[in-house]
Amino acid sequence: MVLRLTDELEVPLRERNTLLLAAGYAPVYAERSLDSPEMETVKQALEVDRAYGDLRPSEILLPLRLRDRDGDELAFFSTLSTFGTAVDITLSELAIEAFYPANARTAMRLLSEIDPR
């Protein structure tokens, strides 16, 4: 009954475990450190996303505008990716926000900072 109710109410996994304990039941959802061996494939996926941006964003956020050291405006938009079917507390609370240039001028400014070694 506790699980059905928390599922219908979309209660976060950490709070579901708390409610289960309060009702006299054992926690159902595991919580592993990202450094644990069971999370190795997750860490690999995060590295791929960091390198190639392969994870699909679940949300696109509004532009961020900053000034560089010369006072020129840089514009970015960000995406937020989450693990939608996570059954581990650590994964259910993990979100990755990535920033991308929102216009060509910002992209060119960032590219000019790359060391071509």
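For the pair Ala22 and Glu47 in one chain, pulling the backbone fully straight at 0.36 nm per residue adds 5.2 nm over the alpha carbon distance.
Taking Ala22, Ala102, Ala30 in turn, the Gaussian network model of the chain (Cα-Cα springs below 10 Å) assigns the largest fluctuation to Ala22. Placing pseudo-labels 7 Å out from each Cα toward the beta carbon at Leu94 and Arg67 gives an inter-label distance of 3.8 nm. What is the percent of Cα-Cα separations in the chain that go past 19 Å? Counting every Cα pair in the chain, those more than 19 Å apart make up 62 percent.
Read-outs: derived from the displayed coordinates by stated rules, not from any lab. Computed from a predicted model, the values in this text were never measured in an experiment. Cβ sites come from the backbone with ideal geometry, for glycine too, and all protein chains shown count toward neighbours.
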